[in-house]
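Here is the structure we will look at, set down as structure tokens.
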Amino acid sequence: MKRLICLVLTLILLTGCGKTAPEQPEEENLIVVGISQVGAESDWRVANSESMKSVFTESRGYRMLFEDARQIQENQIIAVRRFIQQRVDYIVLMPLSETGWDSVLQEARDAGIPVILVDRMVDVEDDSLYAAHVGSDFYAQGRKAVTWIEREYCMRAGAVNIVHIQGTPGSTAQLGRTGALEEGLAAHENWNLLAQLDGDFTQAKTYEVMCRYLDELPPEQEIDVVYCENDNEAFGAIEALEKRGYRCGRDVNVICFDATRNALKLCMEGKIALAVECNPLLGPLVDDTIQSIEKGFTPQKHHYIEEQQFTSRNLTQEIIDGREY
Ligand code: GYE
């Protein structure tokens, strides 16, 4: 009898009889998404990764494979190849820099795996190597900053002295933001580029290069604007400037991109003059793109999100408290 009960119980378990409908999709129905992230160099990047992780969950029908390349493009190429071998359904790639992607994207295409680019772009001859791109217009962001400088210094007859701290060389965010500033410099005779430094989008590197630069600067040299290509560079620059006695918001106007919560706080305090928004919450848009491909549609090739800009004039505590990142 005992044996019989055991057998019946086993059969019930095996056939799933008596079970309520599973809440989660069956393992084999999950859409497998391989994500190759640049790294964790900035607050923006961390928020971007969180956004992906909150969307690509099993309860939402996904299995996510997440690889952090630690700011090394070669690691991303290896990750993409691994995803191809694992026969994932989609590859989501946040490319470190624009060049060097042709062969690995070709391999993904040969394997029939759609690649969705997030945040930055790739510079490839054949744009059918990726299915879609979701991100920001970095040149437009740079234009906002340049327009702000033009307005702020429109009455200045003498030089406007600018220190430019660049992001990771060759990345779309660097190219677009740098491109806009360089155009501004060319268009205004009195804009004087004091230095162009590589901050690699990190606080630590910017602090280091900025300290070194300020140490070599003649004491009488004025700095009007420090154009930082992201928030974390601004944090490092402010630290270095204040250490050398500069008053940010009075002697020097610090500009940054991203506008994450910590930058907005500094903006409200007046230490950051302008924070141009760059929205990292791209997970839901990537999800929409995948869902439309699943339904047999061709997704929009480029999806740029609308963004704003902040100064102490339009910022409120409410905006800061409501900031998700
Ligand atoms: O501005 C910066 C990051 O590509 C938009 O990369 C991204 C940039 C962002 O590390 O903080």
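Measure nothing fancy, just the Cα-based angle from helix 73-85's long axis to the longest principal axis of the chain, in degrees from 0 to 90, nearest 10.
With both axes taken from Cα atoms, the answer is about 20 degrees.
When the chain is treated as a GNM, springs tying every alpha-carbon pair under 10 Å, which of 174, 166, 308 comes out with the largest mean-square fluctuation?
Checking each option, the largest mean-square fluctuation is seen for 308.
Among 231, 137, rank each residue by its count of other Cβ atoms within 10 Å, from fewest to most, as a rough exposure measure. Don't skip to the answer; put the middle values down first.
Values: 231 28, 137 16.
Listing 231, 137 from fewest to most nearby Cβ atoms yields 137, 231.
Report, in degrees rounded to the nearest 10, the 0 to 90 angle that the Cα long axis of helix 43-55 makes with the longest principal axis of the chain.
So the inclination is approximately 20 degrees.
Mind scanning 53/144; 205/265; 205/301; 144/243; 144/271 and naming the pairs with a C-alpha gap bigger than 25 Å? Each step should come with its number before you reach the end.
Values: 53/144 31 Å; 205/265 22 Å; 205/301 35 Å; 144/243 29 Å; 144/271 19 Å.
In this structure, 53/144; 205/301; 144/243 lie more than 25 Å apart at Cα.
Got a sec? How would 136, 292, 97 order by Cβ neighbour count within 10 Å, fewest to most?
Numbers: 136 24, 292 15, 97 19.
With the fewest neighbours first, 136, 292, 97 line up as 292, 97, 136.
Using helices alone, what [θ] at 222 nm do you get for the chain, with -39,500 (n - 2.57) per DSSP H run of 4 or more residues, divided over all residues and rounded to the nearest 500? Don't skip to the end; give the middle numbers.
Numbers: 11 runs with 134 residues, N = 325.
About -13000 deg cm²/dmol.
Using R₀ = 22 Å, calculate the FRET efficiency as 1/(1 + (r/R₀)^6) where r is the Cβ-Cβ separation of residue 70 and residue 239; round to 0.05.
Details: r = 24 Å, r/R0 = 1.08.
The pair residue 70/residue 239 has a calculated efficiency of 0.40.
Using the count of nearby Cβ atoms within 10 Å as a rough guide to exposure, how do 154, 211 rank from fewest to most? It would help to have the intermediate numbers written out before the result.
Details: 154 8, 211 16.
Ranked by crowding around the Cβ, least crowded first: 154, 211.
We did not get these values from a lab; they are worked out from the coordinates using the rules stated. Bear in mind that the values here come from a model prediction, so they are computed numbers and not experimental data. Glycine gets a Cβ as well: all are built from the backbone with ideal geometry, and neighbour counts include every protein chain shown.
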